[in-house]
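For reference, the structure is listed below as structure tokens.
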Amino acid sequence: MRPRDPGMGVPTANLPPSMAIFPIRVFGDPVLRTPAEPVEEFSSAYERLIEDMLETMYEAPGVGLAAPQIGISKQIFVADVGEGPFVMFNPEILETRDTWSFDEGCLSVPGYFWEIERPGFAKARGFDIDGNEIEVSGDELMGRVLQHEIDHLAGMLLLERLPRRVRKQALRDLREDAMRPTDR
Ligand code: ZN
């Protein structure tokens with residue numbers, strides 16, 4: 001997902017210059033609908049991938065990025081809601097509560113935002129790059145990012161969280177967009 005206002009506290013500094021920026025897969029790419037594989041072995045081999053995912057996310061700019069969005073069908077996401085970057089491997093939602101409405105967007109559905117109501121608070125459990133179990137939780141943007149990114153790892157886009165009628169219209173809009181001659 002990305003913030004509606006790119007100035008939303010997203011830090012872009014402090015990144016070594018050697019990192020790579022991946023192209024972000026967009027709506028229609030089958031990898032986005034495929035449930036990602038759990039990571040079985042935690043190794044430093046993932047360090048470079050994580051750095052590149054963060055670089056790709058900051059450049060977009062976004063507040064979260066899941067591995068399937070760069071074509072890697074593994075249960076990994078990175079995020080930074082303004083409190084510093086973190087990564088979760090094999091995350092699962094442990095608990096949600098309350099509700100919160102937010103204009104939610106997704107780097108894989110560029111240019112669109114929909115007001116989506118979801119639980120306001122979410123707590124997730126997963127692993128860090130060393131295989132240590134970690135828990136991350138938060139309200140509002142943090143809670144939303146956790147739910148949004150973990151949806152990605154299940155092969156689910158935010159479109160599936162829209163009320164049925166809104167979703168139909170959204171899909172029509174996306175189809176029209178896709179058919180329009182583009183100079184992008
Ligand atoms: Zn997304």
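The values are calculated or read from the model by the stated rules, or taken from the named source; none is laboratory data. None of the values given here were measured: they were computed from a predicted structure. In this analysis, Cβ positions are derived from the backbone assuming ideal geometry, glycine residues included, and neighbour counts consider all displayed protein chains.
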Being small (Gly, Ala, Ser), farther than 20 Å from Arg33 by Cβ and within 16 Å of the ligand (Cβ to nearest atom) narrows Gly138, Gly120, Gly143 down to just Gly143
So, first residue of a type in the set (Gly, Ala, Ser) in the stretch 142-166, second residue away from the ligand (no atom under 11 Å from the Cβ), Cβ within less than 6 Å, six or more apart or across chains; the pairs are Gly143/Gly120; Gly143/Phe121; Gly143/Ala122; Ala154/Pro35; Gly155/Arg33; Gly155/Thr34; Gly155/Pro35
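Please go through the stretch 25-49 and pick out each residue that is touching a strand residue (DSSP E or B) at 6+ places or on another chain (Cβ under 8 Å) and part of a loop (DSSP other than H, G, I, E, B).
Of everything in the stretch 25-49, those that are touching a strand residue (DSSP E or B) at 6+ places or on another chain (Cβ under 8 Å) and part of a loop (DSSP other than H, G, I, E, B) turn out to be Ala36, Pro38, Val39, Phe42.
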Checked pairs for the stretch 56-72, first within 15 Å of Gly105 (Cα to Cα), second outside any loop (DSSP other than H, G, I, E, B) and near the ligand (Cβ under 10 Å from one of its atoms), C-beta under 6 Å and 6 or more apart or across chains, list as Met57/Leu65; Val63/Val145; Gly64/Val145; Gly64/Glu149; Ala66/Phe77; Ala66/Glu149; Ala66/His152
If we scan the stretch 60-71, do we find a residue that is β-branched (Val, Ile, Thr) and within 16 Å of the ligand (Cβ to nearest atom)? yes
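May I ask you to verify whether Gly62 is within 23 Å of Met142 (Cα to Cα) and modelled with pLDDT under 95?
In short, no.
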When you look at Ile50, is it among the β-branched types (Val, Ile, Thr), away from the ligand (no atom under 14 Å from the Cβ) and within 17 Å of Leu153 (Cα to Cα), yes or no? yes
Reported set for the stretch 87-128 where residues are of a type in the set (Ser, Thr, Tyr) and in contact with a helix residue (DSSP H, G or I) (Cβ under 6 Å, 6 or more places away or on another chain) is Ser108
Picked from the stretch 6-28 (must be out of contact with any Pro (no Cβ under 9 Å at 6 or more places or on another chain) and surrounded by 14 or more Cβ atoms within 10 Å (Cβ to Cβ)), the residue modelled with the highest pLDDT is Phe22
